[in-house]
1. Looking at the P(r) of region 3-71, how many percent of alpha-carbon pairs lie beyond 18 Å?
2. Expected output is a single nm value to one decimal: the length gained when fully extending between residue 214 and residue 43, i.e. 0.36 nm times separation in residues minus the C-alpha distance. What is it?
3. Under a no-solvent Debye model with one identical scatterer per Cα of region 8-148, what's log10 I(q)/I(0) at q = 0.12, 0.15, 0.19, 0.21 Å⁻¹?
4. Pull out the extension gain between residue 13 and residue 166, defined as 0.36 nm times the separation in residues minus the alpha carbon to alpha carbon distance; nm, one decimal.
5. Report the Cα-based extents of region 75-175 along its three principal axes, largest first, to the nearest Å.
6. Can you tell me the length gained on complete extension of the stretch residue 232 to residue 152, counting 0.36 nm per residue apart and subtracting the Cα distance?
């Protein structure tokens, strides 16, 4: 084989080898494997062409280029502190943070340069605006509502940036020392007021219970007197009926009973050893005894 033939064979083999290498390189460039946590932005001649999702993707080698590899994992902005003035003119320092993730990389890449800085600035402005609509007491008691309002406002503001705000947090609301002292005095005054109110209500309740007890006692006394009066009236009616049935003799019999009872009581008194009675009283007692004997 001549030298010319050898040279021609070598040149043809080299051409095939170069062509094979070129084909292998083109295949490698055409195949793009995207991780699960990323999306790739592809440009063709410097313009947006497509967005590659996770998995195996094909592009045109030497024409298409992966210009941006964007992580779609959820991100957290660093905790930011900003001053704000509430509706009742109290200066507070609010510590806030935002969680977000990129859902449309083409918007994030071509519409905003520093996405973290832009979101932080937006959150600071929204926090100041929302705090200015609420009193300090409302900020402390309605923090969950405030967080939801801030989240919704941030979502509306960053809608054109291709991101999704997953959560917003108000980590702390700090007050200056003078405001803290004033709030402490107010709290102590409120506690003292509640204690006085409770004491006054207790005294009022005690007076009401005493009045109820006195009223109950008066009602029971009146009830007892009414029962005694009814009994006496009943006894009187019985005597009257006996007189009506038996005439004067029944009345004299009742008077005799009363006289004997009075004499017994007088004789049973320890301070009385001698009893003086009028002469006519003895006659009355004799009549009473004879009547009692006759009744027996």
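Derivation of every value follows stated rules applied to the coordinates shown; laboratory data play no part. If you're wondering where the values come from, they're calculated on a predicted model, not measured in any experiment.
1. 52 percent
2. Values: separation 171, 0.36 × 171 = 61.56 nm, distance 9.72 nm.
Stretched fully, the residue 214-residue 43 segment lengthens by 51.8 nm.
3. These q points yield log10 I(q)/I(0) values of -0.69, -0.85, -1.06, -1.18.
4. This chain segment gains 49.1 nm when fully extended.
5. 43, 20, 18
6. Values: separation 80, 0.36 × 80 = 28.80 nm, distance 8.75 nm.
Between residue 232 and residue 152, full extension yields 20.0 nm more.
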